[in-house]
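Q: I'd like to ask you about the structure that follows.
Since every read-out is calculated from the coordinates, none of them should be taken as a lab result. The structure displayed is predicted, hence computed values, not measured ones. Here the Cβ is made from the backbone with ideal geometry for all residues, glycine too, and neighbour counts use every protein chain on show.
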Amino acid sequence: QVQLVESGGGLVQAGGSLRLSCAASVPIMSINIGAMGWYRQAPGKQRELVATLAQGGTTNYIDSVKGRFSISRDNAKNTVYLQMNSLKPEDTGVYYCNAEYRQTYYSRYLEVWGQGTLVTVSS
């Protein structure tokens, strides 16, 4: 079973930047890892998808972060990043790393989650 550990959250003023990291316990380019992504959950709201990175490199973002956030990976470090620029108070929330993982090539993908890292953007 893969484990995901997030880091990089914190308190930042509006307009500032943060880079979140998600370290995986297995090679992220493994044939058993599918897409990876970042979700966030604001206080009192449902968890929402922020950005995804497919194995082939295709990225997708929700409209509210396009042009400000960037998802990327370092295969050598088995780490996925979320670079967040021009942060706004509405970006505040707990950010979770997510990965599709299967134990064998013939297994179905399951979703794996990290423990989350808190991002607070002050106005």
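Q: How big is the charge dipole of the range 9-123 about its Cα centre, in debye rounded to the nearest 20, if each Lys and Arg gets +1 on its Cβ and each Asp and Glu gets -1 on its Cβ? Walk me through the numbers on the way to the answer.
A: On the way: 11 positive and 7 negative charges, 12 e Å.
Its charge dipole is roughly 60 debye.
Q: Using the Cα gyration tensor of the range 29-95, with a ≥ b ≥ c the square roots of its eigenvalues, what is the shape: rounded (a/c below 1.5), prolate (a/b larger than b/c) or oblate (neither)? Write down the numbers at each step before the final one.
A: Values: a/c = 2.16, a/b = 1.77, b/c = 1.23.
It comes out prolate by the Cα gyration axes.
Q: Once the other residues with Cβ under 14 Å from the Cβ of residue 19 are scored (Lys, Arg +1; Asp, Glu -1), what is the net sum?
A: On the way: positive: 68, 73, 77; negative: 6, 74, 91.
Summing Lys and Arg as +1 and Asp and Glu as -1 gives 0.
Q: While we're on this one: Which net charge results when you count Lys and Arg as +1 and Asp and Glu as -1 among the other residues whose beta-carbon is under 15 Å from that of residue 64?
A: Numbers: positive: 40, 45, 47, 66, 68, 88; negative: 48, 63, 90, 91.
My count for the surroundings of residue 64 gives +2.
Q: Enumerate the lysines that residue 66 could reach by cross-link, defined here as Cα to Cα under 19 Å, with residues fewer than 8 away along the same chain left out.
A: Of all the lysines, those that pass the test against residue 66 - Cα under 19 Å, at least 8 places apart if same chain - are 88.
Q: In angstroms, what radius of gyration and Dmax does the chain have, counting Cα atoms only?
A: That works out to 14.1, 49 Å for Rg and Dmax.
Q: So how do 64-70, 16-22 stack up, highest first, on mean other-Cβ count within 10 Å? Don't jump to the answer; show the numbers that get you there.
A: Numbers: 64-70: 15.0, 16-22: 18.1.
Result, highest mean Cβ count within 10 Å first: 16-22, 64-70.
Q: Another question, then. How much net charge surrounds residue 90 when only the other residues with a Cβ under 12 Å from the Cβ of residue 90 are counted, with Lys and Arg +1 and Asp and Glu -1?
A: Values: positive: 40, 45, 68, 88; negative: 48, 91.
Taking every Cβ under 12 Å from that of residue 90, the sum is +2.
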